[in-house]
Amino acid sequence: MEYVELLRARRSLSWHLGILAILTLGALYLAHEALLHVHGSGASHGPVQLSWLTWFATVFAAIYASSAGTSLNRENATRDISWTKPAPRTLVALRFVLIDVAAVIVVFAATFLLETLVLVSLQVTPVLDSAFGEMLELGLGASLMWYALIQVLTCRFGPGARSIGGILWPVALTIDGLAQVPGVVGSLAMAVDVVNPLAYVGSSFGSSSGARATLNFVPADVRALAVWLFAVLFCAVAVTIWPRKEA
Amino acid sequence: MNAPLISITGLTKRYGSFTAVDDVSLDVAAGSICGLLGPNGAGKTTTFKCLLGFAKTSAGTIAIEGAPLSPATFETVAYVPERATLYDNLTIAEHLTVYRRSYKHYDDARARELLALFDLDPRQRAEKLSKGMRTAVALTLAFSIRPRVLILDEPSSGLDPIHQRHVLDLMIDAAANGAAVLFSSHQVGQVERAADSVAIMNKGRLIVNSVIDELKTGEKIIEAVFAGPIPNLNGLANDPNILRIEQVGSTLRAVTREDSDAIAQRIFALHPRSIRTIDLNLEEIFMNAVSRDQA
């Protein structure tokens, strides 16, 4: 059964990595032009901390997760096939989730590597900074939490629920924005922000990137742990609540 | 009779106050084919859904090969739904791979045979297939796992007459090899040709459940043609063995339940110009059963 998801993930990864490759080639071309015409060949730039690269990797992995997170929902449309296979539903769901998680990690890693490639071609030296490990953990964890959150929100419903993968982006950003507002609305939004992966990531890059710092008061290592725990919890909930029967 | 591979006992399914299936009991033995007939909304598909564990039953029990449904049950159960469900983004060959990886008894040679039988190209993507071709793919997948239990909901839906014939042959072949086949159809002729027993549902209830040959010998039509107007029937219509009497012009048709000879003698006593006894075909049996139930 998981072969279906394997094929789907392969196809989806091909598209996603293809777009990344095109973006990388574009960036490499622009970098080449900039080096030749502005600084001349052999010019060098200052170092960039590797922890910064995790931000883009997180965003790209979360974009992929928005689609991958609807995999259980997609299976609901083919229940005549998927509900009559000689395998326990929980096991099927678990295998689907494992394939998706692996694919999200591949996108995260590929984005990170391609970013590094672009920087190196720009003759920018990536520097391993002390926050890198924490940011890597937080960024990847947030992408997986995003994936798991979409699974929970969509796995019990029909095809229409797949739009949640797209709608969740502005909703999450709005909630994160409202959390900055003082008063009851802000407090409520702050409470909801606890399950908003973007709130965790925004706060990590907030001080320098201008992103919001909703959960900045929470130490980074705690936030990193939280996103992983939420990712595991949401995946477990999705696997459990995935329908086994009609009413 | 062989042990039933499909056993439904007292199955009831309610959606709120609406009873879709009402106390249905039905067994299908190994090596036999049961055709399930019924008007639209009779509860055939709901029965299948409950049988396969898609829908929660309100009451009753279901057993496949003598055991309640479990994931392992599906190793030997093949199901073809009314609207063939396929993974639209997968090719036919990829569907076969899914089945090869899912079922222990998947038979690739058999699958290739069936693809040829239904004129299917394994490179075709499911989303590009016509309704009939989707049904053909679903049937190919179903028969490729060498099932012991086949549950087919309108299995020839959208197929051309040649492929419809193939489906009946496949069912007969499966039953000959010991499988139990339960299939629904709106084409009574298909049931008559392939099935050895028939179950007729109406308004959620099972109104007929019998071996077809017994049904045919049980009910007959006595048709008498009179030279003039049909004479007084002398209370013939009240005979408990007469199910229905039709009078059209000078022709009298009496549908009898049993003891048709005695009825024929009573009609013969009315001096018709000609009289004959006709065996009912399944379509007439179906129509009689449903119209009796409606009444």
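The values are calculated or read from the model by the stated rules, or taken from the named source; none is laboratory data. Quick caveat: nothing in here was measured; it's all calculated off a predicted structure. All Cβ positions, even for glycine, are placed from backbone atoms using ideal geometry, and neighbour counts span all protein chains on display. Just so you know, the surface numbers come from the protein's heavy atoms only, side chains and all, with ligands and any DNA or RNA stripped out. Shrake-Rupley method; radii C 1.70, N 1.55, O 1.52, S 1.80 Å.
Brief remarks follow.
- Kirkwood hydrodynamic radius (C-alpha pairs) into Stokes-Einstein, chain B, 37 °C and 0.692 mPa s, D in µm²/s: 156
- Largest GNM mean-square fluctuation across B:THR140, B:THR217, B:THR45, computed for chain B with C-alpha springs under 10 Å, falls on B:THR217.
- With every protein chain in place, the range B:220-279: carbon and sulfur % of accessible area (1.4 Å): 48
- Using only the C-alpha atoms, the convex hull of chain A corresponds to 132 Å³ per residue.
- Here the 3J(HN,Hα) profile of the range A:148-164, calculated from phi with Karplus coefficients 6.51, -1.76 and 1.60 at θ = phi - 60°, is 5, 4, 5, 4, 4, 6, 10, 5, 8, 10, x, x, x, 5, 5, 5, 4 Hz, Gly and Pro shown as x.
- Highest mean packing comes first when the peptides A:184-192, A:112-120, A:147-155 are listed by Cβ atoms within 10 Å, giving A:147-155, A:112-120, A:184-192.
- Pairs from the list B:LYS13/B:LYS49; B:LYS104/B:LYS128; A:LYS85/B:LYS44; B:LYS49/B:LYS203; B:LYS131/B:LYS203; B:LYS44/B:LYS203 with a Cα-Cα gap above 19 Å: B:LYS104/B:LYS128; A:LYS85/B:LYS44; B:LYS131/B:LYS203.
- Pairs of alpha carbons in the range B:220-279 whose separation is greater than 16 Å (percent): 31
- Once A binds B, the 1.4 Å probe can no longer reach about 2400 Å² of accessible area, counting both sides.
- Max mean-square fluctuation residue, GNM over chain B, Cα-Cα springs under 10 Å, options B:ALA262, B:ALA67, B:ALA111: B:ALA262
- Take each residue of peptide B:98-104, count the partner chain Cβ atoms within 10 Å of its Cβ, and average: the result is 5.
- Kirkwood's formula applied to the C-alpha pairs of the protein assembly as shown gives a hydrodynamic radius of 28.1 angstrom.
- Debye log10 I(q)/I(0) at q = 0.12 Å⁻¹ for the range B:38-150, Cα point scatterers: -0.47
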